[in-house]
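Participant: Pasting in a structure now, in structure tokens, and then I'll have a few things to ask.
The values are calculated or read from the model by the stated rules, or taken from the named source; none is laboratory data. Quick caveat: nothing in here was measured; it's all calculated off a predicted structure. Here the Cβ positions follow ideal geometry from the backbone for every residue, glycine too, while neighbour counts run over all protein chains shown. Keep in mind that these areas ignore ligands, DNA and RNA; they rest on the heavy atoms of the full protein, side chains included. Shrake-Rupley method; radii C 1.70, N 1.55, O 1.52, S 1.80 Å.
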Amino acid sequence: MDFCLKQVQSDCEELLSRFQRSESVRFENFSEIWREMKFFQIFYGTTKRQKRMFARLILDKAYSFFLPPFSFQIRVGALYLLYSLYGCQTASPQEQIRVPLKDWEDIKRFEKDAVDAQHLDVVYILRQLMAQKAFYFTAMPTLLSYNKKRKLQKSLQCVGFMEPSSRPQELVSTELLEELAHIHGLYGKMKGSVFPSTEQSASSVQLIRKDLVLELRRTVVDFYQWQCKKESDEDEDDGGEGTSLQQECSKRADLLASIKSKAFGQASETCRSRRHRHVELNVSSNEVGSSGFPSAQRLSLKARTKRDVRISGDMRKEAETRTQINRLTSLDFPVTKNIQKTQKEVSSEDDDA
Amino acid sequence: MAASRRPSDPSTNIPDYEYQDVNTKAFHIGSFRTEWLNRLKPSDYSFQVEDEDAFDAKFAQELGVNAETMMELKSVCNVESLRCDDAKVDPEVVPPDSTLQTLVQRKEKQDLKASKKFFKNRHELYADELERLTIGKNPELVDDMVPEGELILTINVFYPDVIEKFNFIRPHAALLMMGSHTLAELRDAICCVSDLQVCGEFSNNPDAAPSFLSKDHFKSAFFYFEGVFYNDMRFPECVDISRTTIEWAESHNFPPFSQAKMEDTRFVDLKVKVGFPYLYCHQGDCEHLIIITDIRLAHRSDCLDKKLYPLLTHKHRFTTQKCSVCHVFIGRWFTTGDRLAPSDPCLFCDKCFRMLHYDAQGNKLGEFQAFPFVDRGAFN
Ligand SMILES: [Zn+2]
Ligand SMILES: [Zn+2]
């Protein structure tokens, strides 16, 4: 039955990417696409035993999109896909959706997010599947028979289904900033207490930027805005929306909190859909080439760094000159560089995947 | 926050991969079950399906939804709306004009198949048979019902290592067992020809052969899982055949192995890796690989009659070796040094063997040696 795995994967991806382009998490939109593609026919023409085997295969495939790192919207799409496949399968009795124990927490968190955002259709469908006993509560997502399977190449489409990186935002949370400010204050005081007179201490010991915390925060905000802008720039067609997007970004008072919930916002959904279109362009150009990576990703490390690394404001000059070894030990190490580094690591990880 | 999302505490019994898509790390099966049950409501793994009205009422109440919205939600999410087919299309036929890649491929395959003469594989036929017998079967007595929240394990048993050609191609048999089963029950469910082997030369008294079945004489056996040998000690004549290996390992500075009794060990007591090959050894040196391919909570669509477990869901069917005289019946005897035989050794069915080698009074004719033969296909 494995012979059709590639075809099944590409059909699922096509459905999910159409759903992604709808920029919606509504089941209505999903079922429209499903009907348009006549996806229910995917079970047609399978013979007796194949019915069960094929249902098993496609449910397993669809389930793989239901987990992080895929974006909330794709996961919703995957849930709808599971629900629809489960309901339309021709096997009798029905094949169940396999849920491994290690994924359960992710699913509960997904449910909670959907409840919090009042996505009634998402919650309804998830609970319907539970009530219909559509799940096998398993140890692992597939049966393991010590067979080395051929590795299915991770499709480029999948990359477009993932959340844009938000590591810096996650790392530099409000709590962290508060804690940092607190420690920074204590540290300053401690250093000051070593000296008898206050004016002497101020100049000689305060080697670290005074506004460390503020600057860290500013840099992350800056990074996020740049990220939004970069994504919107990548698609020239909707330049107009891009500006509204930036306004959207700056409007948010508590940026860091909003990033967490961005999956529900229209803003990030447009971000992602553009991202996806960008990737799709690469797919068509890639079909000619023999390697699994599109030409755009075969840029040199330097070019990729230039493209992906965000350098904020007056730090640009500083960062563009090569980092000297002695700089690494200097006390006044620019915070920005750390963040850039994180981002660089993340983007290079993406490339490797 | 993202980093701390999935604590990789090795002491947990939440199964995870040791090698991606191949096998898991070792975990305790009983604790794995407990972890699931702690996370689920009894209704989640119940064999009963919740009443639809009750579901709607609960949903509306929990999410603060009014009756009108509920109606709308139900109509939008209706599965029927997903099958918008014109009645002309037959679900048994591959739609010819689909844009889905899966169907394009299926159509091609089917056309190709139609152009050739096609026989259904015997394995497939037999699998159909097994499946039909077991699916969704309910017991006559309530006491025989598989309890809700019970574990179902899928166990693959492979050929003994000596038939190297068949190893790892197909499991010899696949069994479903419950978490409460003991390893001794697994042992009894494994059919192997070497248990039916009869040792000895019986040309002078062929009628005596059946009473020398190996399984009645050599009852010792063990399973090996994660550093522990589980010996069969149910009968007085059983000996601990793992002793030799354990002592050898000790004398060669290997990590220590321990022993337990298979009849006292239930699956829920075991610590195993799912997908990892373990060992079953019987008749001294007949070794089978055992792989637990799946562990999950029992589902309402499972066979719910306890008495039908261990449940065979797959069995490899061998081609059998036929009698060299009649070419009809499966061989039961082989002879050597036999002047009456066309080859040495030579295989005979019981009837041909006796007709050729004995007179009407049962007297042996000529010189030859005869050994009982058990075909691998004897369990087909
Ligand atoms: Zn054996
Ligand atoms: Zn014969």
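Participant: Mind checking whether some residue in region B:183-192 is under 17 Å from the mean Cα position of the chain (by Cα) and closer than 26 Å to B:Asp16 by Cα?
Facilitator: Yes: one or more hits.
Participant: Where residues in region B:268-306 are open to solvent by less than 10 Å² (accessible area, probe 1.4 Å) and of a type in the set (Val, Ile, Thr), which of them is nearest to ligand 1 (Cβ to nearest atom)?
Facilitator: It comes out as B:Ile290.
Participant: Filter region B:215-240 down to the residues that are modelled with pLDDT under 90 and in contact with a helix residue (DSSP H, G or I) (Cβ under 6 Å, 6 or more places away or on another chain) and list them by number.
Facilitator: B:Lys215
Participant: Which residues, taken from region A:122-149, are touching a strand residue (DSSP E or B) at 6+ places or on another chain (Cβ under 8 Å), within 18 Å of B:Asp56 (Cβ to Cβ) and assigned to a loop (DSSP other than H, G, I, E, B)?
Facilitator: Restricting attention to region A:122-149, the residues satisfying the condition of being touching a strand residue (DSSP E or B) at 6+ places or on another chain (Cβ under 8 Å) are A:129, A:134-146.
Checking the rest, the ones that are also within 18 Å of B:Asp56 (Cβ to Cβ) come to A:129, A:134.
A:Ala134, the sole residue that qualifies.
Participant: Between residues in region B:174-194 that are within 14 Å of another protein chain (Cβ to nearest Cβ) and free of Cβ contacts under 8 Å to residues at least 24 places away in the same chain and residues that are within 16 Å of ligand 2 (Cβ to nearest atom) and open to solvent by less than 10 Å² (accessible area, probe 1.4 Å), which pairs lie under 7 Å by C-beta distance while being six or more apart or on different chains?
Facilitator: Close Cβ pairs satisfying both conditions: none exist.
Participant: Can you tell me which of B:Pro236, B:Pro206 is within 16 Å of ligand 2 (Cβ to nearest atom) and away from chain A (no Cβ under 14 Å)?
Facilitator: When all the criteria are applied, what remains is B:Pro206.
Participant: Of these, B:Thr265, B:Thr313, B:Thr319, which one is touching a Phe, Trp or Tyr at 6+ places or on another chain (Cβ under 6 Å) and more than 16 Å from ligand 1 (Cβ to nearest atom)? Let's see the steps before the verdict.
Facilitator: Values: B:Thr313 fails: touching a Phe, Trp or Tyr at 6+ places or on another chain (Cβ under 6 Å); B:Thr319 fails: touching a Phe, Trp or Tyr at 6+ places or on another chain (Cβ under 6 Å).
Among B:Thr265, B:Thr313, B:Thr319, only B:Thr265 is touching a Phe, Trp or Tyr at 6+ places or on another chain (Cβ under 6 Å) and more than 16 Å from ligand 1 (Cβ to nearest atom).
Participant: Residue check, B:Gly136 against (1) at pLDDT 75 or above; (2) within 14 Å of chain A (Cβ to nearest Cβ), all met but one. Which one?
Facilitator: Going through (1) at pLDDT 75 or above; (2) within 14 Å of chain A (Cβ to nearest Cβ) one by one, B:Gly136 breaks only (1).
Participant: Of all residues in region A:99-121, which are over 25 Å from A:Arg56 (Cβ atoms) and in a helix (DSSP H, G or I)?
Facilitator: Narrowing region A:99-121 to residues over 25 Å from A:Arg56 (Cβ atoms): A:109, A:112-121.
Matches in region A:99-121: A:Arg109, A:Lys112, A:Asp113, A:Ala114, A:Val115, A:Asp116, A:Leu120, A:Asp121.
Participant: Just the residues that are surrounded by 12 or more Cβ atoms within 10 Å (Cβ to Cβ) and assigned to a helix (DSSP H, G or I), please, taken from region B:46-70.
Facilitator: B:Glu52, B:Phe55, B:Asp56, B:Ala57, B:Lys58, B:Phe59, B:Ala60, B:Leu63, B:Thr69, B:Met70
Participant: May I pose another question? Looking only at region A:9-28, decide whether some residue is within 8 Å of chain B (Cβ to nearest Cβ), over 20 Å from A:Ala134 (Cβ atoms), crowded, with 21+ Cβ neighbours inside 10 Å and acidic (Asp, Glu).
Facilitator: Taking every residue of region A:9-28 in turn, at least one turns out to be within 8 Å of chain B (Cβ to nearest Cβ), over 20 Å from A:Ala134 (Cβ atoms), crowded, with 21+ Cβ neighbours inside 10 Å and acidic (Asp, Glu).
Participant: Looking only at region B:317-367, count how many residues are farther than 14 Å from B:Asp207 by Cα, within 16 Å of ligand 2 (Cβ to nearest atom) and in contact with an Asp or Glu (Cβ under 7 Å, 6 or more places away or on another chain).
Facilitator: 6
Participant: Same structure again: Can you pull out the residues in region B:174-206 that are at pLDDT below 80 and surrounded by fewer than 16 Cβ atoms within 10 Å (Cβ to Cβ)?
Facilitator: Hits for region B:174-206 are B:Cys199, B:Gly200.
Participant: Could you figure out which of (1) more than 21 Å from B:Leu196 (Cβ to Cβ); (2) open to solvent by less than 20 Å² (accessible area, probe 1.4 Å); (3) away from ligand 1 (no atom under 15 Å from the Cβ) isn't true of B:Cys238?
Facilitator: (1)
Participant: Identify the single condition in (1) modelled with pLDDT under 90; (2) in a loop (DSSP other than H, G, I, E, B); (3) of a type in the set (Val, Ile, Thr) that B:Thr244 does not satisfy, given that it satisfies every other one.
Facilitator: Unmet for B:Thr244, out of (1) modelled with pLDDT under 90; (2) in a loop (DSSP other than H, G, I, E, B); (3) of a type in the set (Val, Ile, Thr): (2).
Participant: Here is a further query. Can A:Arg49 be described as open to solvent by 10 Å² or more (accessible area, probe 1.4 Å), facing chain B (nearest Cβ under 10 Å), modelled with pLDDT under 90 and in a helix (DSSP H, G or I)?
Facilitator: Judged against the criteria, A:Arg49 is a match.
Participant: Among the residues in region A:53-74, are any at the interface with another protein chain (Cβ under 9 Å from one of its Cβ atoms), basic (Lys, Arg), part of a helix (DSSP H, G or I) and buried (at least 18 other Cβ atoms within 10 Å of the Cβ)?
Facilitator: Initially, region A:53-74 is screened for residues at the interface with another protein chain (Cβ under 9 Å from one of its Cβ atoms), giving A:54, A:58, A:68.
Now narrow it down to the ones that are basic (Lys, Arg): none.
Within region A:53-74 (the criterion being at the interface with another protein chain (Cβ under 9 Å from one of its Cβ atoms), basic (Lys, Arg), part of a helix (DSSP H, G or I) and buried (at least 18 other Cβ atoms within 10 Å of the Cβ)), the answer is no, since none of the residues qualifies.
Participant: Moving on. Test B:Ala260 against the criterion of being modelled with pLDDT under 90, open to solvent by less than 40 Å² (accessible area, probe 1.4 Å) and more than 16 Å from ligand 2 (Cβ to nearest atom), and give yes or no. Give the derivation first.
Facilitator: On the way: modelled with pLDDT under 90: no; open to solvent by less than 40 Å² (accessible area, probe 1.4 Å): yes; more than 16 Å from ligand 2 (Cβ to nearest atom): yes.
Taking the combined requirement at face value, the residue does not satisfy it.
Participant: Give B:Pro171, B:Pro160 a once-over and let me know the one that is open to solvent by 20 Å² or more (accessible area, probe 1.4 Å) and at pLDDT below 70.
Facilitator: B:Pro171
Participant: If the Cβ limit is 7 Å and pairs must be 6+ apart or interchain, which residue in region B:285-307 that is at the interface with chain A (Cβ under 7 Å from one of its Cβ atoms) and within 12 Å of B:Phe47 (Cβ to Cβ) pairs with which residue that is away from ligand 2 (no atom under 16 Å from the Cβ) and among the basic types (Lys, Arg)?
Facilitator: Correct list of pairs: B:His299/A:Lys133; B:Arg300/A:Lys133.
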